[in-house]
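K.L.:
I'd like to ask you about the structure that follows.
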Amino acid sequence: MREIKYVEALNEALKEEMERDPDVILLGEDIGKEWQGAFKVTKGLEEIFGPERVRNTPISENSFVGCGVGAAMTGLKPVVEIMFGDLILLAMDQIINQAAKMRYMSGGQASVPIVIRTPFGSGGSYASHHSQSLEALFTHIPGLIVVQPSTPYDAKGLLKTAIRSIDPVMFFEHKFIYKKSGPVPEDEYLIPFGEADIKIEGSDLTIIATSMMVWHSIKVAKELKNEGISVEVVDPRTLVPLDKKTISDSVKKTGRALIVHEAVSRGGFSGEITKMIIDEAFDYLDAPIKTLGGLPTPIPFTPNLEKFVVPDPKRIKKAVIELVP
Amino acid sequence: MDEDLTDPQLLQMFEIMYKIRQFELTAYDLLGQNMIPGTLHTYAGEEAVATGVCLNLTDEDYVSSTHRGHGHCIAKGADINKMMAELFGKKTGYCKGKGGSMHITDFKVGMLGANGIVGAGIPIAVGAGLTCKLKYPGRVSVAFFGDGASNQGTFHESINLAAAWNLPVIFVCENNLYAMGTDIRKVTANPNIADRAIGYGIKGIIADGMDVLDVYKKAKEAIEHARNGGGPTLLECKTYRIKGHSRYDPALYRPKEEVEEWMKRDCITNFKEKILIGEKHIDQNVIHEIEQKIIRQIEQAVNFAKESPFPENSSALEDVYAEDLK
Ligand SMILES: Cc1ncc(C[n+]2csc(CCOP(=O)(O)OP(=O)(O)O)c2C)c(N)n1
Ligand SMILES: [Mg+2]
């Protein structure tokens, strides 16, 4: 199968969906031909679809997300790019009070088929306003779907599903996965929400990892294989809805669970997955569930501190070894 | 030109602008060499704005800044050693390496911080203006922000509030025509941001942001108005950046003729040649000495930054709360 980059996979998904459905439009800062998106996800799209459908917005996050909500309620299918995940915080009212609740508040009359995509995560010394992982905030809000693809394959299939979703989707892309490559078929495919993916099979312990941590965990699993520990890596891919069955079946099989995400551990989604495992697979556990996440700090600027506050393969490996006797 | 200004004052203006320019060109170089991690946004080209405004301020007055904040820091009197060390991510930097370019802050000189969020500094300056009004009458607060930021809700909400409460805040829009690759004329129908002032019931003034004397004079008027209880002013400075927006931006979205046109108006070269030498007949050696002094200071700052240590990992957990939460 051909290999393409994550950023290219996303670009293809946008292009195919815009070709398929003339109601799909793009909104965002610097997504047009001059800049092509801060991380180049929208490269070449204005050239194909024109400035009416690829709309470069002013720096007005709350208002252009709100504009997307209104457009979605009335028949368009906006895909909104927020230049950095941290900047979502400027649009919280439109996302949480408007988009998420619109169907409910209107007694089922309104649909808000909007996708809000955003790059997130640390690793480039972008400092505290450009590096956070905020996905857990949105998992708390009824009405939102929360997607966090880790590979080019998952990114393309899930973005296409997101664009066809009739409910609002928060779509988190890790900045430092954009340039990673992986197999993506030429033929069209969709990935349904709520289906976790087993990235590596194993029998001694399950790592449930998201986004960049999937890459780290795969690396660790490969290393540990040589040391005689068999690790299974499960990527939920969508946090809401969560594929409880695949995750809990895996834990039932291995008897041990380590949950890893880049976001600050406290209040992170690992707590929710822990609760789910306790509900579904408690009797099968051979060891306490362990979680590993970011330290409780903003993301610092300087490279050594920035690395220090988020989980890395070394720390993941250490946590696995502590759990497997 | 303004007859009130003495030769030493004019030379001071030159020195500050030159210092910002050298700091920025040096930092940009070091960024290219990856001595500075992450990204930074240079103020090169826009020096007349920060310089002309801040020369009317004291350390007691406040400024809030932007992602393009080095010029505001220097004009407000920040220490370039600590600034450079922060850009390098060193322990001796203003933020102990935790902030970097976009978060440099110096409370000692009233610099409330650069800011990574476009438009977020504007309400912060309004809050500082409220402090001035309630606790320190006579002090003022300045919000620097870009043309792009003027389309944030915070612009509207902040000016409205400051006007309604008659706060001593000067809103300085640095209109360099672009927000990253977005031409302001494509996202705003009226390219004169100052025209919006009338809607808030305050005065809007346009200054030539390439002319430090024009900025100085118009800022002086606005700042004195605020100090005397007259309330806010919206001061728009038309300016232009020399470099791209940040790292890796060749700025190809700017037409060549437009760039050339603005480069001819360079605030430092013109001020030096037309005013200092042409009108004031200041000895070129005096100017040259200032330039050499600044170049040495910048070299020292770079050495200071290079020789300083990175922070210890354990410091990552400090400064999250005032005291450790157990
Ligand atoms: C709220 C927010 N949106 C978007 C960005 C990304 N961004 C950083 S600088 C910038 C352009 C700002 O333009 P302007 O206000 O004109 O300032 P200039 O860079 O021209 O000085 C953008 C879009 C951001 N940092 N914060
Ligand atoms: Mg600008």
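Just so you know, all these numbers are worked out from the coordinates, no wet-lab data involved. Just so we're clear, the structure is a prediction, and the values are computed from it rather than from any experiment. Note: ideal-geometry Cβ built from the backbone for every residue, glycine included; neighbour counts use all protein chains shown.
K.L.:
For region B:1-31, how many residues are closer than 28 Å to residue B:147 by Cα and without any contact (Cβ under 8 Å) to a residue 40 or more places away in the chain?
P.N.:
Number satisfying all stated conditions: 2.
K.L.:
Restricting region B:114-136 to residues that are within 23 Å of residue B:80 (Cβ to Cβ) and outside any helix (DSSP H, G or I), which is farthest from the other protein chains (Cβ to nearest Cβ)?
P.N.:
Among those that are within 23 Å of residue B:80 (Cβ to Cβ) and outside any helix (DSSP H, G or I), it is B:114.
K.L.:
Now for a separate question. Would you confirm whether any residue within region B:105-113 is in a helix (DSSP H, G or I) and either within 14 Å of the chain's Cα centre (by Cα) or within 15 Å of ligand 1 (Cβ to nearest atom) (or both)?
P.N.:
yes
Yes/no matrix, rows are residues, columns are (1) buried (at least 23 other Cβ atoms within 10 Å of the Cβ); (2) out of contact with any strand residue (DSSP E or B) (no Cβ under 6 Å at 6 or more places or on another chain); (3) of a type in the set (D, E, K, R):
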| residue | (1), (2), (3) |
| --- | --- |
| A:258 | yes, no, no |
| A:283 | no, yes, yes |
| A:289 | no, no, no |
| A:301 | yes, yes, no |
| A:309 | no, no, no |
| A:324 | no, no, no |
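K.L.:
A further question follows. Being part of a loop (DSSP other than H, G, I, E, B), of a type outside the set (A, V, I, L, M, F, W, C) and touching a residue at least 12 places away in the same chain (Cβ under 8 Å) narrows it down to one of B:139, B:196, so name that one.
P.N.:
Selected residue: B:139, the only one of B:139, B:196 that is part of a loop (DSSP other than H, G, I, E, B), of a type outside the set (A, V, I, L, M, F, W, C) and touching a residue at least 12 places away in the same chain (Cβ under 8 Å).
K.L.:
Looking at B:161, B:177, can you tell me which residue is within 14 Å of another protein chain (Cβ to nearest Cβ), touching a residue at least 24 places away in the same chain (Cβ under 8 Å) and either touching a His at 6+ places or on another chain (Cβ under 7 Å) or of a type in the set (A, V, I, L, M, F, W, C) (or both)?
P.N.:
B:177
K.L.:
Further question on the same structure: Just to verify a result, which residue in region B:156-186, among those that are near ligand 1 (Cβ under 10 Å from one of its atoms) and not in a strand (DSSP E or B), is nearest to the chain's Cα centre (by Cα)?
P.N.:
By that ranking, first place goes to B:176.
K.L.:
Within region B:9-27, can you find the residues that are buried (at least 18 other Cβ atoms within 10 Å of the Cβ), within 21 Å of residue B:111 (Cβ to Cβ) and not polar (S, T, N, Q)?
P.N.:
Matches in region B:9-27: B:13, B:16, B:17, B:18, B:19, B:20, B:21, B:23, B:24, B:27.
K.L.:
Give all pairs with beta carbons closer than 9 Å in which a residue from region A:263-282 that is closer than 11 Å to residue A:294 by Cβ meets a residue that is part of a helix (DSSP H, G or I) and among the hydroxyl-bearing types (Ser, Thr, Tyr); count only pairs at least 6 apart in sequence or on separate chains.
P.N.:
A:263/A:270
K.L.:
Right, next: Which of the residues belonging to region B:195-231 are aliphatic (A, V, I, L, M) and within 20 Å of the chain's Cα centre (by Cα)?
P.N.:
B:205, B:206, B:207, B:210, B:212, B:213, B:215, B:219, B:222, B:223, B:226
K.L.:
Can you confirm whether region A:311-323 contains a residue that is away from every other protein chain (no Cβ under 14 Å), closer than 30 Å to residue B:36 by Cα, in contact (Cβ under 8 Å) with a residue 24 or more places away in the chain and not aromatic (Phe, Trp, Tyr)?
P.N.:
Yes, region A:311-323 contains a residue that is away from every other protein chain (no Cβ under 14 Å), closer than 30 Å to residue B:36 by Cα, in contact (Cβ under 8 Å) with a residue 24 or more places away in the chain and not aromatic (Phe, Trp, Tyr).
K.L.:
Scanning for something away from every other protein chain (no Cβ under 14 Å), touching a Pro at 6+ places or on another chain (Cβ under 6 Å) and either within 23 Å of residue B:218 (Cα to Cα) or part of a helix (DSSP H, G or I) (or both), does region B:71-78 turn up at least one residue?
P.N.:
no
K.L.:
For region A:110-148, enumerate the residues that are in contact with a Gly (Cβ under 8 Å, 6 or more places away or on another chain), assigned to a loop (DSSP other than H, G, I, E, B) and under 22 Å from residue A:192 (Cβ atoms).
P.N.:
Within region A:110-148, A:114 is the sole residue that qualifies.
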